[in-house]
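Quick notes on the structure that follows.
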C-alpha cells in the first residue's frame, strides 16, 4: 500500500496563479471526455447490433468492434493521465463537466478547500472541511456577516 501523500497547502493567491493552466487542462479534458462518451455510446450500440445479427445468423463479415474497444481503452488511459496531472499539481478535481477544482488551504485560521469552477475569474469560494463539494461559501461572506452585526 502506498503511503499517503502530504497535502499541498495553497494560499488563495497560489491557487489563482494556477487557474490559467488549469483552465486549459480542464477544457482539453472535457473535450476528450465528450469524445470518449460519444465513442463509448457508438460502440455500445454497435455491439448490440452485432449481437442481434449473430443471434439471427446474419453477421457474415468480421466486425471492427474489438478495434474500437482497444481505442476506447487507450482513450481511458489518456483521460486518466490528464486527471492525474491535475492531482499532481496538488489540486483536487471534483467534477469534470463543471470544471470544479479545489485547493487545500487555510482561510481565517481554518483549514478549508478553496473552490473554483471553470469560467470563474478567480477563486471566490471556499468549502469548510466536512462539508460536501457543492456547499461552496463565498470568500467574502464572513466579512459581510461581521460588518452587518456591528
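A few remarks follow.
Condition check ((1) modelled with pLDDT of 95 or more; (2) exposed (fewer than 15 other Cβ atoms within 10 Å of the Cβ); (3) closer than 19 Å to residue 14 by Cα; (4) more than 12 Å from the chain's Cα centre (by Cα)) across all residues:
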| residue | (1), (2), (3), (4) |
| --- | --- |
| 93 | yes, no, yes, no |
| 112 | yes, no, yes, yes |
| 124 | yes, no, yes, yes |
| 129 | no, yes, no, yes |
| 138 | yes, yes, yes, yes |
| 148 | no, yes, no, yes |
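- Qualifying positions in segment 95-110 - loosely packed, with under 12 Cβ neighbours inside 10 Å and either touching a helix residue (DSSP H, G or I) at 6+ places or on another chain (Cβ under 9 Å) or under 13 Å from residue 18 (Cα atoms) (or both): 97, 108
- Elements of the type strands (runs of 3 or more DSSP E) sitting completely within segment 64-143 and holding at least 3 residues that are in contact (Cβ under 8 Å) with a residue 40 or more places away in the chain: these cover 100-107.
The values are calculated or read from the model by the stated rules, or taken from the named source; none is laboratory data. Keep in mind that what you see is a predicted model, and the values were worked out from it rather than measured. Positions of Cβ are generated from backbone atoms using ideal geometry, with glycine treated the same way; all protein chains shown enter the neighbour counts.
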